[in-house]
1. Obtain the radius of gyration and the Kirkwood radius of the chain from its C-alpha atoms and give Rg over Rh.
2. Please state the relative contact order of the stretch 50-161 as a whole percent: Cα pairs under 8 Å, 6+ residues apart?
3. Distance between the C-alpha centers of the stretch 91-165 and the stretch 68-82? Whole Å please.
4. Looking at the calculated P(r) for the stretch 53-144, what percent of the C-alpha pair distances fall above 17 Å?
5. Would you work out the relative contact order for the chain, in percent, from Cα pairs under 8 angstrom that are 6 or more residues apart?
6. Connecting C-alpha atoms closer than 10 Å in a GNM of the chain, tell me which of GLY49, GLY120, GLY31 has the biggest fluctuation.
7. Nearest 500 deg cm²/dmol is fine: what mean residue ellipticity at 222 nm does the chain get from its DSSP H runs of n ≥ 4 alone, each adding -39,500 (n - 2.57), divided by its residue count?
8. Among ILE204, GLY120, LEU163, which residue has its Cα positioned farthest towards the positive end of the charge dipole of the chain, with +1 placed on the Cβ of Lys and Arg, -1 on the Cβ of Asp and Glu, and the dipole taken about the Cα centre?
Amino acid sequence: MKLPYKTTADLINPSRFFVILVNPENQENIGLTARAMKNTGFSQLRVVGLKEFEREALRTAVHADDILRQAVFYQTLAEAVGDLNLVLASTVRQRKACRLLTIDEAIDKLKLFPASIKVGLVFGNERTGLSDLELRQANFVYFIPQASRQPSYNLAAAVLITLYTIFHQSASELVVDMAPPIPHKEQEDCLKIILAKLEKNGFIHETNRQHVTNLLNDLFGRLTISERDRRFLTAVFNKGLDRK
């Protein structure tokens, strides 16, 4: 009989994790991020808003320049996460548009899913972080606790803490498989259909559109929609609401 558990040695497979930097300003931070990835065994780097790296990034990478050479550049965050199944985003500020988890809670969520899915770890600009619109691209939003509100963690430090926590917590526990989420673009497309149906039905209107959209983005992100979920939701909103 096959057990519903697997060892976290399977969970940690670094090739399925993608570190995503959104509009980074400091090239040295990019190099230090690559170094942090190398230290913890991760190698997949995606960068939004840049077209190339400068010398400062290579200088601070310290034996992690291969990660920079293999990095992939994107114009938008939506493109960078479109093929990923699960997206976790880091923030330092309290947000009204979504529910915040601690980093440990976020990784506990991660452990519920199969080792085969592709996971994005998103980090924002050093000064401004991630906008509410960018956070909508995430299934779960987490923060790293600190002793004081300022100064916040350096970008590379936040990446290192996140990757080390995944590496460390995945070393000795058992995890349970849940149904794998569909790619993030497909999750987003499903939500767009539902929002359109709710607007057509009159539930969403001009005075509540932003509030309801934020709530549904937060809810559907945490639902991490599987293929079975999508079929069910599509049937409900395509047929159930149209009968009214």
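Here, each number is a calculation from the coordinates, and none is a lab measurement. All of these numbers come straight from a predicted model, not from anything done at the bench. Every residue, glycine as well, gets a Cβ built from its backbone with ideal geometry; the counts of neighbours run over all protein chains shown.
1. Values: Rg = 18.8 Å, Rh = 18.9 Å.
Rounded to two decimals, Rg/Rh equals 0.99.
2. Working: 112 pairs, mean separation 36.7, N = 112.
Computed value for the stretch 50-161: 33 percent relative contact order.
3. Distance between centres, Cα-based: 18 Å.
4. On the way: 2411 of 4186 pairs.
Of the Cα pairs, 58 percent sit more than 17 Å apart.
5. Numbers: 410 pairs, mean separation 62.7, N = 244.
With pairs under 8 Å counted, the relative contact order is 26 percent.
6. So, out of GLY49, GLY120, GLY31, the one fluctuating most is GLY49.
7. Numbers: 11 runs with 104 residues, N = 244.
Rounded to the nearest 500, the figure is -12500 deg cm²/dmol.
8. Comparing the listed Cα positions along the dipole, ILE204 ranks first.
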